[in-house]
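The values are calculated or read from the model by the stated rules, or taken from the named source; none is laboratory data. Not measured: the values here are computed from a predicted model. FYI the Cβ positions are ideal-geometry reconstructions off the backbone, even for glycines, and counts take in every protein chain you see. With ligands, DNA and RNA removed, areas are computed over all heavy atoms of the protein, side chains included. Shrake-Rupley method; radii C 1.70, N 1.55, O 1.52, S 1.80 Å.
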Amino acid sequence: MDEQPEALNEALRSLSSVQSGTLDALALALDYRDKSTSGHSRRVATLTVNVASSHGVEGDALQQIEHGALLHDIGKLKIPDSILWKPASLDDTEWITMRKHPQYGYEFLIGLEFLTGAAELVLSHHEKFDGTGYPRGLRGENIPLGARIFSVVDAVDAMIYKRPYNAPISFREAAEEIRRCAGTHFDPDLVPLAVVLLGDHLPPYLSR
């Protein structure tokens, strides 16, 4: 009788492994399409999990945060290449389109039962602590915790790695900018520990 539960557990572990591998492959494809730094999505997902777990998040909630961070830009699949790859600044009309990508991403994921929590992070990853973000203008703790953590991680990643639209800066400079924006862009209660953990988990040549 004990063999059946163990076989079921093994099947579930195998399914979870397949799901994780599929999501990683999809995230890598998204990085290529968005011309992001190679491994960007997996990198920010891992760092977001590190920070979230330090705040006591665990189990399925932590896994949902990981999946949401990994697929944060999946909604950009619906953004035209002419906007996504435009080398110059976007005009007002183009920004309206670009800012729809969190909603598009949410719509992609919400129908998948094992990604419903992840869908909330995807929908909320451009919200700002003071309520000036998008798409819903959420404020403070109305923004899901995973999205508040992810926004710090993603902002640091965007500043210290080379992107088509900006030259990288040092981690020290990025940390200063994050601290400056605590209370406006970022949750001020999350910033201090997040900055320390990010510095500890970055490659040595980037964490100076």
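Quick notes on this structure:
- Residue under evaluation residue 180, criteria (1) surrounded by 15 or more Cβ atoms within 10 Å (Cβ to Cβ); (2) farther than 23 Å from residue 34 by Cα; (3) at pLDDT 90 or above, criterion not met: (1)
- Of all residues in the stretch 66-92, those satisfying the criterion of being assigned to a helix (DSSP H, G or I) and either more than 18 Å from residue 30 (Cα to Cα) or open to solvent by 60 Å² or more (accessible area, probe 1.4 Å) (or both) are 77, 78, 81, 82, 92.
- Conditions (1) at pLDDT below 95; (2) in a loop (DSSP other than H, G, I, E, B); (3) of a type in the set (A, V, I, L, M, F, W, C): number failed by residue 158: (2)
- Among the residues listed as 37, 22, the single one being in a helix (DSSP H, G or I), of a type in the set (Val, Ile, Thr) and modelled with pLDDT under 95: 22
- Flag set for residue 141, criterion: out of contact with any Leu (no Cβ under 7 Å at 6 or more places or on another chain) and acidic (Asp, Glu).
- Between 120, 113, the distinction of being modelled with pLDDT under 95, under 21 Å from residue 23 (Cα atoms) and among the acidic types (Asp, Glu) belongs to 113 only.
- For the stretch 118-140, the set of residues classified as open to solvent by less than 60 Å² (accessible area, probe 1.4 Å) and hydroxyl-bearing (Ser, Thr, Tyr) consists of 124, 134, listed by residue number.
- Residue list for the stretch 194-208, filter: exposed (fewer than 14 other Cβ atoms within 10 Å of the Cβ) and within 23 Å of residue 127 (Cα to Cα): 196
- Within the stretch 181-193, the set of residues being closer than 17 Å to residue 133 by Cβ and either touching a residue at least 60 places away in the same chain (Cβ under 8 Å) or assigned to a helix (DSSP H, G or I) (or both) comprises 190, 191.
- Condition check for residue 53: farther than 22 Å from residue 107 by Cβ and either under 12 Å from the mean Cα position of the chain (by Cα) or open to solvent by 50 Å² or more (accessible area, probe 1.4 Å) (or both): yes
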